[in-house]
Amino acid sequence: MALIVQKYGGTSVADVDKIMGVARKAAHLHGEGNQVVLVVSAMGKSTDHLLDLMYEITNNPPERELDMLMSTGEQVSISLLSTALHTLGIESVSLTGSLAGIKTDSNHIRARILEIEPGRIEEELEKGKVVVVAGFQGIDSRGEITTLGRGGSDTTAVALAAALKADLCEIFTDVKGIYTLDPNMVSTARKLPFISYDEMLEMANLGARVMHPRAVELGKQYKLKIHVRSSFDEEEGTIIREVASLEEKYIVSGIACDVNLAKVAIVGIPDRPGIAANIFNTIADAGISVDLIVQSIRKDEENDILFSVNKEDLNKTLAILEKISDEVGAKEVFYDEDVAKISIIGAGMANVPGVAATMFKALADRDINIEIISTSEIKVSCLIKKDRINDAAEGVHEAFKLGEDQASLT
Ligand code: ADP
Ligand code: ASP
Ligand code: MG
């Protein structure tokens, strides 16, 4: 007997037929004597539809109300899935994040799980029930509903698998695993049998939405192997795990693209120490992550600072920058939503010369202008115009021969 945590994303529970399919799969596992916990997302694109309603009312909704609204999506799918199991003669119970003991901090719309009190889940499993848990949501110390950031159901699943010491954690989605590049962007993308936590984390942080970054962090922290695979066929997917040997270090193992970004800039800042610290501390205090920071060369005793943020955080970021701009006497704050980021990721690129140059050449060959560059030991990112992102992805994928098996193995 094993304890198995399975997560089903929005597409996997998009309609009643698909929900019945998930119930049949779970019933089969349960019938084999396993303890089964299912974590589900909201049906199809229902979280987006809920948000559309909110944005018909205002562009700047209170984050608490966003959580109140968005958390309803998962409540629909858990109830339907649990009922589907009942119709198959399987005892089951649906639990919201709160009932499942998922405790978070109070950062609405981007809360982090602080701890899980798995008592209720364990009790239900002991009774022989399949437990169906709402992904993406938790509860803070005051009992307020919180959500974990878009795509956060993956994190619920991995956190539960860790808390319950599960034997298996499977993430079922609408693609067959983790590919060298989003397979919906380029048909030559290749499925990877394995990927390391660090590479997957980098890919997730850089915009490959197939896994929520926090889920990968937790997997690494608890040394939990995560199997990402398709809901719609039996084929083995990709295992996220520690790198097993040096041979598995690819120079470039994948490409991530992020189109959910905005570039912001504060220009004509008086050249004094402490202003950048002030800007980025204030932004960090608001729970906003910043990427691709550039400070221009000083001219006329003035500086410009440019960086990128997630689109969801744009309004909040602009409000902070306007305030600081007034305080320090900067000339202007502006933004551009017409940008995208393309990144190459690979644990083996650290000491290999010419990797960044190959990427820049692939972009130049397609006449794609690079606006900002940022590098780390295992990635190179470029900010470009959004309408060129597919072209860029195709060119860079080709330049590193990622469609070919083991192409860029060190
Ligand atoms: P779910 O609703 O199951 O959580 P998501 O839409 O969040 O599914 O994530 C799956 C999607 O991630 C795929 O449909 C694919 O378009 C996208 N994706 C981005 N990068 C990758 C990648 N490297 N490998 C696989 N899928 C990727
Ligand atoms: N329903 C949430 C979203 O659309 C969470 C998830 O799907 O993981 O972001
Ligand atoms: Mg997802």
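Just a few scattered comments:
- With neighbours defined as other Cβ atoms within 10 Å of a residue's Cβ, the residues I255, I293 order from fewest to most as I293, I255.
- The angle between the Cα long axis of helix 63-87 and the longest principal axis of the Cα atoms of the chain comes to about 30 degrees, rounded to the nearest 10.
- Equivalent ellipsoid dimensions for segment 64-161 as semi-axes, Å, which come from the Cα gyration tensor, largest first: 23, 15, 10
- Treating each Cα of segment 153-247 as an identical point scatterer and summing with the Debye formula, the log10 of I(q)/I(0) at q = 0.12, 0.16, 0.22 Å⁻¹ comes to -0.33, -0.60, -1.15.
- Structure remark: mean-square fluctuation, Gaussian network model of the chain, C-alpha springs under 10 Å; the largest value among N107, N34, N351 belongs to N351.
- Normalising the average separation of contacting C-alpha pairs (under 8 angstrom, six or more residues apart) by the number of residues puts the relative contact order of segment 178-290 at 27 percent.
- Mean projection area, nm², convex hull over Cα of segment 1-152: 8.6 nm²
- Relative to the dominant Cα principal axis of the chain, helix 389-399 is inclined by about 90°.
- In this structure, the pairs whose alpha-carbon distance is over 32 Å, taken from K299/K323; K25/K341; K103/K223; K331/K361; K176/K316; K103/K385, are K25/K341; K331/K361; K176/K316; K103/K385.
- Sequence-distant residues sharing a close amide H with I226 (under 5 Å, placed H): I240
- Crossing angle, helix 16-31 versus the chain [Cα axis fit, 0-90 degrees, rounded to tens]: 60 degrees
- Euclidean distance between Cα centres, segment 219-293 to segment 363-405, Å: 16 Å
- Based on Cα contacts under 8 Å between residues 6+ apart, segment 228-378 shows a relative contact order of 33 percent.
- For segment 299-410, the Kirkwood estimate of the hydrodynamic radius, built from every pair of different alpha carbons, is 16.3 Å.
- Under conditions of 25 °C and 0.890 mPa s, segment 242-317 yields 164 µm² s⁻¹ as its translational diffusion coefficient, taking Rh as the Kirkwood radius over Cα pairs in the Stokes-Einstein equation.
- Cα-based convex hull volume of the chain per residue, rounded to whole Å³: 149 Å³
- When the Cα gyration tensor is reduced to axis lengths a ≥ b ≥ c, the ratio a/c is 1.5 or higher for segment 73-120, and with a/b not above b/c it is classed as oblate.
- In order through segment 272-278: 3J(HN,Hα) via Karplus (6.51 cos²θ - 1.76 cosθ + 1.60), integer Hz, x for Gly, Pro: 10, x, x, 6, 4, 4, 4
- Relative contact order (percent, whole number), segment 81-136, Cα cutoff 8 Å, 6+ residue spacing: 42 percent
Rule-based calculations on the coordinates, nothing more; no lab input. Remember, predicted model here, so these are calculated numbers, not experimental data. Neighbour counts run over all protein chains shown; Cβ positions are idealised from the backbone, glycine included.
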